[in-house]
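Q: Pasting a structure below so you can have a look.
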Amino acid sequence: MAGAIASRMSFSSLKRKQPKTFTVRIATMDAEMEFSCEVKWKGKDLFDLVCRTLGLRETWFFGLQYTIKDTVAWLKMDKKVLDHDVPTEEPVTFHFLAKFYPENAEEELVQEITQHLFFLQVGALYTGFQPEGEGARMGRSARRLQGQKVGQQSYGDYDPNVHKRGFLAQEELLPKRVINLYQMTPEMWEERITAWYAEHRGRARDEAEMEYLKIAQDLEMYGVNYFAIRNKKGTELLLGVDALGLHIYDPDNRLTPKISFPWNEIRNISYSDKEFTIKPLDKKIDVFKFNSSKLRVNKLILQLCIGNHDLFMRRRKADSLEVQQMKAQAREEKARKQMERQRLAREKQMREEAERTRDELERRLMQLKEEATMANEALMRSEETADLLAEKAQITEEEAKLLAQKAAEAEQEMQRIKATAIRTEEEKRLMEQKVLEAEMLALKMAEESERRAKEADQLKQDLQEARESERRAKQKLLEITSKSSYTQSMNSSTTALPTDLPSFNLISESLSFDFKDTDMKRLSMEIEKEKVEYMEKSKHLQEQLNELKTEIEALKLKERETALDILHNENASRGNSKHNTIKKVS
């Protein structure tokens, strides 16, 4: 008895010690959250908690994904969380991802948060065609894809003063496979993306993301979940499950299905162990059977088939009251945001105009200051010039006074000369008489001079004759003295008179005056106002993409194209779109 009581006490104590909660980590495409969950919680309880936290109402597109032995699985809503084959260590990690894709994103995705989550997931998947499980791990880098098509999302409106050349150098704008496919450098891609980004000025984030989804949903592999299967003959094939139906692909061609089963033409889908059966609505068509690698894969395929089929039928019915309310609220919210954006755009435009006006006024003020400085300098030079002119005028006035004084003196001198002219006539006569007398005297003196010259000539002749007589006498004397044996010597001397001539020099001086004046010119500049166009729409974006495709097609390196690229190009050249191809093979 005592042992039984003790055992029951120990069992109750163990039961009380068992934890009633466990920690769950939810990873979305751009954030991580942790919740404390009760042990008894089912998948729906955790899923609803995550949706409420995110503010998500379009819950039918999403699910909580986890991995079991390299196989993707989804949390079941009606099963306890801990009853799933999940890791035992805490925190238990789930990825909140889109499980089903819409046929038309623009019509079906109502909430902005739903559009944003799809944008991040689709962007991550197209980074390098990763499978969905790997795509969840790309969530942290998904934002960097926004620079590829919607630079508005990450950087706001383009501003050339802020977004200088190279501002996208550290961003992973394109998958390396795409970069290697074209003969273009990263700088060339950045230049083109920056040009498109500048053209999308004023576009809202939700509009940019929707444009991205509209482009992505037209690609052949959008929203398709691929599974490796074998038919009865053992041929390896691929099964694709998407919003339109079931498709059978060749393993080397994931773009063009060999057989398609639209959801409205399928009567029943079932599996037994690893064998999966598709029964068409038309009984004349053979039942299609295939085998998958694991039973767990068949369960996943059936889940995706049921969910996609339900959404396919739901789209073709009238919207439920909840969806109608959501769409009405979305329209109201969109209109409110549109008005808010317009108000902000007007305020921004007014602010930019005010800034431009301020800059213009500042520029004009600087110009006026410069003009005032120049005018002040010109005024100072004008004052200096006026002083010089005043000084020059004063000098001219003094010179005029001097000239007037000299003219008066000259007039007086003329009067004096006229007064003395009479006396001058009498003196002139006297002078003429004196001149005549002087001439007579000069004549007489000339005659006297001639007479004296003749006398001088006669004297010279007499002197020569005397010297000759003296020479003859001396010679005769010598002859006499030589006979008497004695000699007599005679000496003679000469004298000279100096002369001196004075000379005079005269030096004159001259004076010159020069004056220079300066004129001023003014310069003004005007700047045209610029306006920027807003709100580029989807049609314009598509035209730009077509232009880009045409421009870079010549730079494509054919030898680097993959088999999928070649198949995609062939489909595009034939004009086969995704929907046309599915309709044909159906």
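Q: With every protein chain left in place, what is the accessible area per residue of region 323-481 in square angstrom, probe 1.4 Å? Provide the component values of the computation, followed by the final result.
A: Values: 13830 Å² over 159 residues.
I get 87 Å² per residue for this part.
Q: Tell me the net charge near Ile582. Cut-off is 15 Å between Cβ atoms, Ile582 excluded, with +1 for each Lys or Arg and -1 for each Asp or Glu.
A: Working: positive: Arg254, Lys258, Arg574, Lys578, Lys583, Lys584; negative: Glu103, Asp218, Glu220, Asp242, Glu265.
Combined, the nearby Lys, Arg, Asp and Glu give +1.
Q: If you count, for each residue, the other Cβ atoms within 10 Å and average over each peptide, how do 461-474, 44-57, 176-189, 209-222 line up from highest to lowest? Write down the numbers at each step before the final one.
A: Details: 461-474: 10.2, 44-57: 16.1, 176-189: 13.9, 209-222: 18.8.
Packing order, densest peptide first, comes out as 209-222, 44-57, 176-189, 461-474.
Q: Provide the convex hull volume over Cα atoms per residue for region 323-481, in Å³. All intermediate terms of the calculation are to be shown ahead of the outcome.
A: Values: hull volume 78.7 nm³, N = 159.
With only Cα atoms used, region 323-481 gives 495 Å³ per residue.
Q: Grab the beta carbon distance between Arg192 and Arg574, set R0 = 30 Å, and tell me the FRET efficiency rounded to 0.05.
A: Values: r = 28 Å, r/R0 = 0.94.
Plugging the Cβ-Cβ distance into 1/(1 + (r/R0)^6) gives 0.60.
Q: Running Debye on region 225-317 with equal point scatterers at the Cα sites and no solvent, what base-10 log of I(q)/I(0) appears at q = 0.12, 0.19, 0.23, 0.24 Å⁻¹?
A: -0.34, -0.88, -1.30, -1.40
Q: Still on this structure, I have one more. Against the empirical 2.2 N^0.38 Å scaling, what ratio does the C-alpha Rg of region 311-369 come to? Could the numbers behind the result be given before it?
A: Numbers: Rg = 23.8 Å, N = 59, 2.2 N^0.38 = 10.4 Å.
Rg over 2.2 N^0.38 Å, computed on Cα atoms: 2.29.
Q: When the chain is fully extended, how far beyond the present Cα-Cα distance does Asn268 get from Ala228, taking 0.36 nm per residue of separation? Show your work: numbers first, answer last.
A: Details: separation 40, 0.36 × 40 = 14.40 nm, distance 2.09 nm.
Taking Asn268 through Ala228 to full extension adds about 12.3 nm, to one decimal.
Q: Please list the non-local residues whose amide H lies under 5 Å from the amide H of Tyr101, H modeled 1.01 Å from N, same-chain partners needing a gap of 5 or more.
A: Ala243
Q: Follow-up question, since we're still on this one. Assuming 1.567 mPa s and 4 °C, estimate D for region 261-303 with Stokes-Einstein, Rh taken as the Kirkwood radius over Cα pairs, in µm²/s. Mind dumping the intermediate values first?
A: Working: Rh = 10.8 Å.
The calculation lands on 121 µm²/s.
Q: Excluding Glu450 itself, what net charge comes from residues whose Cβ is under 12 Å from its Cβ, given Lys and Arg +1 and Asp and Glu -1? Provide the component values of the computation, followed by the final result.
A: Details: positive: Lys444, Arg451, Arg452, Lys454; negative: Glu447, Glu448, Glu455, Asp457.
Here the charged neighbours net out to 0.
Q: Which entries of Lys76/Lys317; Lys214/Lys549; Lys279/Lys584 have Cα-Cα distances beyond 22 Å here? Before the final figure, lay out each step's value.
A: Working: Lys76/Lys317 26 Å; Lys214/Lys549 17 Å; Lys279/Lys584 19 Å.
Lys76/Lys317, as the Cα separations exceed 22 Å there.
Q: Summing +1 for each Lys or Arg and -1 for each Asp or Glu, what net charge is found among the other residues whose Cβ lies under 11 Å from the Cβ of Lys406? Spell out each step's value before the answer.
A: Working: positive: Lys401; negative: Glu399, Glu409, Glu411, Glu413.
Around Lys406, the surrounding residues sum to -3.
Q: Right, another one. Measuring from centroid to centroid over Cα atoms, what is the spacing of region 268-300 and region 315-358 in Å?
A: 47 Å
Q: Another question, if that's okay. I'd like the FRET efficiency for Arg165 and Leu365, computed as 1/(1 + (r/R0)^6) with the beta carbon distance as r and R0 of 41 Å, rounded to 0.05. Provide the component values of the computation, followed by the final result.
A: On the way: r = 32 Å, r/R0 = 0.79.
The pair Arg165/Leu365 has a calculated efficiency of 0.80.
Q: Give the whole-number value, in cubic angstrom per residue, of the convex hull volume spanned by the C-alpha atoms of region 194-256.
A: It is 107 Å³ per residue.
Q: In whole percent, how big is the carbon plus sulfur part of the accessible area of region 18-100, probe 1.4 Å, protein atoms only?
A: Working: 1970 of 4130 Å².
The C+S portion of the solvent-accessible surface of region 18-100 is 48 percent.
Q: From a point 7 Å beyond the Cα of Glu34 in the direction of its Cβ, which residues of region 84-100 have a backbone N at a distance under 13 Å?
A: 90-93
Q: Using the scaling law 2.2 N^0.38 Å as the reference, what is the normalised Cα Rg of region 18-100?
A: Values: Rg = 12.0 Å, N = 83, 2.2 N^0.38 = 11.8 Å.
Normalised Cα radius of gyration, region 18-100: 1.02.
Q: As an exercise, use a Förster radius of 35 Å and the Cβ-Cβ distance of Asp218 and Asp286 to find the FRET efficiency, rounded to the nearest 0.05.
A: On the way: r = 32 Å, r/R0 = 0.91.
That gives a FRET efficiency of 0.65.
The values are calculated or read from the model by the stated rules, or taken from the named source; none is laboratory data. Predicted, not measured: the structure shown is a model, and the values here were computed from it. Virtual Cβ from ideal backbone geometry, glycine too; neighbours counted across all protein chains shown. Ligands, DNA and RNA are stripped out before the accessible areas are found, and what is left, the full protein with its side chains, is counted by its heavy atoms. Shrake-Rupley method; radii C 1.70, N 1.55, O 1.52, S 1.80 Å.
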